[in-house]
1. Relative to the Cα centre, what is the charge dipole magnitude of the chain, using +1 at the beta carbon of each Lys and Arg, -1 at the beta carbon of each Asp and Glu, and rounding to the nearest 20 debye?
2. Tell me which of 89, 33, 46 sits at the most positive position along the dipole axis of the range 25-90, charges placed on C-beta atoms (Lys, Arg +1; Asp, Glu -1).
3. Taking the Cα-to-Cβ direction at residue 147 and at residue 70 and moving 7 Å from each Cα, how far apart do the two end points lie in nm?
4. Considering amide H positions built from the backbone, and no H for Pro or chain starts, which residues 5 or more places from residue 95, or on another chain, come under 5 Å of its amide H?
5. Please compute the net charge surrounding residue 215, taking Lys and Arg as +1 and Asp and Glu as -1 over other residues with Cβ under 14 Å from its Cβ.
6. Between the range 30-99 and the range 174-207, what's the alpha-carbon centroid distance in Å?
7. Taking only DSSP H segments of four or more residues, each worth -39500 (n - 2.57), what value at 222 nm results for the chain once the sum is divided by all its residues, to the nearest 500 deg cm²/dmol?
8. Rounded, prolate or oblate, given the Cα gyration tensor of the range 77-130, with a/c below 1.5 counting as rounded?
Amino acid sequence: MNVLSSLNHHDAVLLDLDGTIVDSRAGIISSLHDAIRDLGHEPDPAVDLTWVVGPPLHDLVARVLRHYNDERAEEAVRRYRYHYERRGMHRSPVFPGMREVIEAVTSSGARLFLATSKPVHLARAILELRELTPYFTALYGARPDDTGAEKPELIAQLLEEHQIPTNRAVMIGDRRFDISGAHANHIRALGVLWGYGGEEELTEAGADALVTDPGELMAAIRHQLAAAHIHPAAE
């Protein structure tokens, strides 16, 4: 039985990238460590950098550099981009089961969109490496200088440009930014637990439901969209 058989082209599924489709932690952290070394510091192995996957780049780099009493955030961002585009982005395997979800959403007739804080040209390159680009109706992300990365504005643009009613869309992501960005636009949001935010963060952000495994995601998408048709997200 195809759990997505009731969906159609009026429905829109919005997917985050890092921590939702791809496991990008190793590539992001290694590139950040390389940037820190370029600035003359030795990365502190005691500092847990899992949290850096998800927030806009400028915000996280400035926070990381405070540990080293270094304020050269702009230079660190440039060095990070260099290392990430050269090596880091290639260390982004698709989470087991997510390719099947992407294929199933598309075959159901629903439209699939990417909504990521990562610069859209890098997101496209990662999806192309994994041969996933053709499944998406459109890709939305930050500009090359990392502006436009805030999820509320990004999702609003996506909904407006594709004329998607708020009760026909669901956002799927692993961080609070995905949940708050969706709710700012009055659409439902699913939190996924195989990423980097965790149950506490997603629950506090108000996720409409949590999904523990990609194998459960298709049914959750269908359920949330059915619920949205009856009870649109509160404004």
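The values are calculated or read from the model by the stated rules, or taken from the named source; none is laboratory data. Keep in mind that this is a model prediction, so the values were computed, not measured. For neighbour counting, all protein chains shown are included, and Cβ atoms are generated from backbone atoms with ideal geometry for every residue, glycine included. Calculation scope for accessible area: heavy atoms of the full protein, side chains included, ligands and nucleic acids excluded. Shrake-Rupley method; radii C 1.70, N 1.55, O 1.52, S 1.80 Å.
1. 520 debye
2. Looking along the dipole axis, the top candidate is 89.
3. Roughly 2.6 nm, to one decimal.
4. HN-HN under 5 Å from residue 95: 22, 23.
5. The answer is -2.
6. Each part's Cα centre sits 23 Å from the other's.
7. -13000 deg cm²/dmol
8. prolate
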